[in-house]
Each structure stands twice: as C-alpha cells, then as structure tokens.
Amino acid sequence: MPLTVDEYQIGQLYSVAEASKAETGGGEGVEVLRNEPFEDVPHLGGRYTRGQYTYKKYHLASKVPAFIRILAPKGSMEIHEEAWNAYPYCKTVISNPGYMKDNFFIIIESLHLPDKGDKQNVHELPPDKLKLREVIMVDIASDPITSSDYKLSEDPNRYESETTGRGPLTGKWISRADPVMTCYKLVTVEFKWFGLQTRVENFIQRAERRLFTNFHRQVFCWIDRWHGMSLEDIRTLEERVREDLDRARRTGEVRGMRAETD
C-alpha cells in the first residue's frame, strides 16, 4: 500500500465503515453489536494487549455459495465476527455458533509494517505450521478482479489523489512508492462437513483474497475522503454508520458482493 502505517489505520477503519453500508440492505448485511476499548488481552506473544474490540453479526443468505444455501437450514446463514484491533496488530475470529458451532471458523491475523512485503514470518509460526503456509502476494494495482467488482473510480491504475498526489499506481509501483507499507495477513480456515470440507475451505480462501484485493483498492482510491481524519473522527463516523446499518438492514434491497458462481 502506498501509505504510512499510521495513515493506513485511519483509511482502513474509514473504509470498513463505508464498505459495510454497501453490503447492507433487504434483511442482509452488517449488524454492529459492540464497539469498545479492550485492555489486558495478549496477542502475538503478549506484545499487543490493548485496543478496540468489535462484535458484529453478518446476515449473509445471498453471499454464500448456492450449494451451501441448498443444504443449510433457514436462519443458519448468520456469521459472527469478533475483532481485537491492537493496531498495528489485529485478530479477527469469524464463526457460526448458531449452526456449525466448533466445526467452522476463520481466523485472520493482520500485522501492518512499513516495508515492501519482504518479511518471511512476521506471525512467528512454528516450523510445522510454516510448512503448511501458502504465501500469496496481493498487488492492489496489478492483480485481476472480476468484471462485476470493477469500478473505474476504484482503479488504482487510473486514480490520482488530489490531497496527496499519490497514484496512479502503474508498472513496478511498489519499488518506487514512498511511503509504502504491507498488510501481512495470516488466514486460517476450518470447515468440518463431510463431503464438503475441502470444497468450502478452498472457496473461503478464494473469497478472502477477492475481499482483500477489492477492499484495499478502495482504501487507496478513497484516500481523499479520509486523509486528515483523526481517530476521534473515525469513532464518530462508526457510531453514525451503526445507526445507518440498522435502518438499511430493515429496508431496501439486498446489496453488495455476492458469492461467485461455483
């Protein structure tokens, strides 16, 4: 990302709030239940212990693959998300306690560092887990996206920030960018369902990469909206968006990213 680590904190929080509105409507989308500070919860070997805790529910019927919608009972497409944002570290746990219980979880651990993505093991995985890890580099400017996801206004190849003068991101932009930082994300998925486990776990990993790519394109291309905001400004925005989400979920049409065709 062509941002400082401090800038990314604001941009990421702003974009999460705005993207939530685009995914909510017609009975589906994001419901924010808690958004509050936390302390004395150790992460990454105890180096990060305080930050902001959020607890959300995602009502997702149209956003999961058709083969799951057919098999799963009505009302089971409710996903819970807990996140401990101890920036620059963040841990997110996604589950389905109402139906899958301990048989399904996604854990996303993020560490944000001022580099070009050249660190090998920032999450300090032991050798056995390191052998299982697959490393995927996500380039927000060069990686392909689906035609349904593409928006000209959110294309880093075309966008130039009026506030910062950054962009467009073309060619080997990573080697030239200043500032530059990397979001290191460790995604762990478990889905225990006989006959579907591998298929669903692969789908989730593809969906996460799609989500990371689209989201971070937005973070950069929305820079003129959020650059200069303070953390206090963000908390005010989050509270206002929370009220907007509650209204939107009760009315209107289903919005946002749908599951790709299986």
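The values are calculated or read from the model by the stated rules, or taken from the named source; none is laboratory data. The structure displayed is predicted, hence computed values, not measured ones. Positions of Cβ are backbone-derived with ideal geometry, glycine not excepted, and every protein chain shown enters the neighbour counts. Areas reflect the complete protein model, heavy atoms only, side chains present, ligands, DNA and RNA absent. Shrake-Rupley method; radii C 1.70, N 1.55, O 1.52, S 1.80 Å.
Once you have a ≥ b ≥ c as the square roots of the Cα gyration tensor eigenvalues for the range 131-262, tell me rounded if a/c is under 1.5, and otherwise prolate or oblate according to whether a/b is larger than b/c. In terms of gyration-tensor shape, oblate. A 1.4 Å probe run over the protein chains yields, for the range 105-262, 61 Å² of accessible area per residue, whole-number rounding.
Only the Cβ atoms of Lys and Arg (+1) and of Asp and Glu (-1) were treated as charged; on that basis the dipole of the chain about its Cα centre amounts to roughly 680 debye. Measuring only protein heavy atoms, the 1.4 Å probe finds Ile108 accessible over about 20 Å². With contacts taken as Cα pairs under 8 Å at a separation of at least 6 residues, the range 158-261 carries a relative contact order of 27 percent.
Both radii come from the Cα set of the range 158-229: Rg as radius of gyration, Rh as Kirkwood radius; their ratio Rg/Rh reads 1.14.
Its residue count N sets the reference 2.2 N^0.38 Å, and the alpha-carbon radius of gyration of the range 108-186 equals 1.32 times that reference.
Counting only lysines at least 8 places from Lys192 when in the same chain, those with an alpha carbon closer than 20 Å to its own are Lys63, Lys74, Lys101, Lys129. Summarise the accessible area of the range 188-238 (1.4 Å probe, protein heavy atoms) by the percent that is carbon and sulfur. After summing per-atom areas, the C and S share lands at 53 percent. Note on Asp149: accessible area approximately 30 square angstrom, rounded to 10, probe 1.4 Å, nucleic acids and ligands left out. For the chain, what class follows from the C-alpha gyration tensor (a ≥ b ≥ c being the square roots of its eigenvalues): rounded when a/c is under 1.5, otherwise prolate if a/b is larger than b/c, else oblate? It is rounded, given that a/c, with a ≥ b ≥ c, falls under 1.5.
Compared with the direct C-alpha span, the chain from Asn202 to Ser147 gains 17.7 nm at full extension, assuming 0.36 nm per residue.
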